[in-house]
Amino acid sequence: MPKVEIKDTTNPYESMLARFDVAAKIIGLDEATHNVMKVPSKQVTVSLPIYMDDGSTKIFEGYRIVHSTILGPSKGGIRYSTLVDIDEVKALAAWMTWKCAIADIPYGGAKGGITCDPHKMSVGELERLTRAYTVAMSDVFGENRDIPAPDMNTGPREMAWIVDTYSKIKREYIPGVVTGKPLHLGGSLGRTEATGRGVMVAANEAMKKLKMNPKKTKAAVQGFGNVGSFAARFFEDMGIKVVAISDVTGGYYNPKGIDIKKAIDHVQTNKKHLGGLKGAERITNEELLELNVDLLAPCAMENQITHKNVHKIMAKLIVEGANGPITSDADKVLQDKGIIVIPDILANGGGVTVSYYEWVQNRAGYYWSLEEVIKRADESMIKAFANCWDTATKHHQSMRIGAYIFAMNKVANAIKSRGHF
Ligand code: GLU
C-alpha cells in the first residue's frame, strides 16, 4: 500500500520553535523562562528486542518525551509509524503542552512513539511490542506522572495492552494510567469520536466569525482515520458538503458531495481503507489540498502544506485536525493570502479533553453519560476558541500565534510561581 506522503525536509521541532519564538517576543518572555519552555524536561529512548512470528528477533526503537509537567502530569499519545523519530516526538510533546493549556485541563505535555510499520506486523507482534514498550516505560508512566493515549496507528486495543501490562507490574488495576481504553476497561463514552467532533466545533465557531453558511460550504478532508472520518461525518451532519476525502490509498472527489456514512461503512467492511470507493473521481492527496473548496481540514499528518504547495491552496478556512500539517514558512504565505487557519493546538484538542474526562471518571470510579461528555467537551472547545480568537485579535496576530501566546502565558506564569532550585 502506498505511504500517505513523503515527509517534507522541514523539521517539526524547528517548526514548533519558530512559532514559539514569535509568540515569546510578543509577550516579552524573559530569557530564563523562555529557555525552560524550549527544552523537553525528559527524553527516554529504549531499544526493544521482539520475537517476530518467523522466529527472528527484531530490535525496535521506542521514545517517550515529556515536554512539561508544570501544569500537571504529562499527557499525550503514542504513535506507531516508520516515520517516527526523536525530533518528531519532541515537537509533538511540546504541542501537547500548549494544547492542554489551551483546553484548560490540568496537564503538561508528552508524546511517545515506536519506529515500526504496524501494517506489516501481526497482532501478536504488535502486542509483544506494546507490552515491551510499557515495561520499559513503567517508571515514566503513572496516573499522576505521565498518561499515554492513542495517536497515529494506535487505539483502544493497544491501550488495553498498556493498562494490563502496567497494572500487572504494579499489582493493582490502575485504569487512570492510560486513556482511550475500550469502554469495558474504563474508557469514556464519546472518546473515540472526540477529536473529530472538536474539529467540527472549532470549524463551526470559525465559520460564525467569518459569516460562512454551512449549507453553502464545500469541504475537503485529508485523512480518513480516527480524526478525519469523524470530522467529515460531523461536517456532513452540519449540512456542509464534503466533496473530497482521502487516505493512504489516495483521494476521492465528487463535486456533488460524498456520502460520508457510506464511506465509513466502506472502510469498515473493506480492510480499513477507502480503496475501491464508488461514486468519486480518483485524485491524489496533494490534489485534494489544492481543490477550490471553502473549508479544508488536513487530518492526516505533519508537513502537508509547505513552501512547495502553499501558493496553490484555495480554501478560505483551514482547520488543522492533524498535528503540524502546515510548516512555519507556509504559515506566513497563508496569512498574506488572507486564509484563516485554526491551529492544531486548538482545533484537535477535543481528543485530549475527553481523555481528561476519562481520567477523572477512572479516579472517581463514577461514569458519565454520553450527553454529559459531549456537553462539557463542546463548551470547553467553544471557550478555548474564544480565548485564542480574543488573544489573536488583541495582539493583531494570526489565530496560531494567538493560541501560542495564550498557552505560553499560562505555562510561563506557572513556571514563575513554582520556581526551580
Ligand atoms: N494523540 C492525541 C493528540 O495528539 C490525544 C492525546 C491524549 O488524549 O492524551 O492530541
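Each value in this text was obtained by applying a stated rule to the coordinates, not by laboratory testing. The model shown is predicted, which means the values in this text are computed figures rather than measured ones.
Rg over Rh for the range 106-169 works out to 0.95, both radii taken from alpha-carbon positions and Rh defined as the Kirkwood radius.
Taking N as the number of residues in the range 1-116, what is its Cα Rg relative to 2.2 N^0.38 Å?
So the range 1-116 has a normalised radius of gyration of 1.23.
Across all directions, the average projected area of the convex hull around the alpha carbons of the range 115-216 is 9.4 nm². When you restrict to C-alpha pairs under 8 Å that are six or more residues apart and normalise by the size of the range 159-221, the relative contact order lands at 20 percent. Of the cross-linked pairs Lys120/Lys181; Lys75/Lys168; Lys271/Lys337; Lys111/Lys181; Lys209/Lys410, those separated by over 28 Å at the C-alpha level are Lys271/Lys337. In straight-distance terms, cross-link reach from Lys261 covers every one of the aspartates and glutamates whose alpha-carbon lies under 12 Å from its own, apart from those fewer than eight places away in the same chain; here that gives Glu236, Asp237. Per residue, the convex hull around the alpha carbon atoms of the range 258-308 comes to 112 Å³. Between Asp259 and Lys38, full extension at 0.36 nm per residue minus the direct alpha carbon distance yields a gain of 75.2 nm.
Computed extension gain for Asp329 through Ser167, at 0.36 nm per residue and net of the alpha carbon distance, reaches 53.9 nm. Over the range 218-278, the pair-distance histogram of Cα-Cα distances with 10 Å bins from zero comes to 26, 63, 11 percent, rounded to whole numbers. Looking at the chain, the pairs of alpha carbons with a distance over 30 Å make up 38% of the total.
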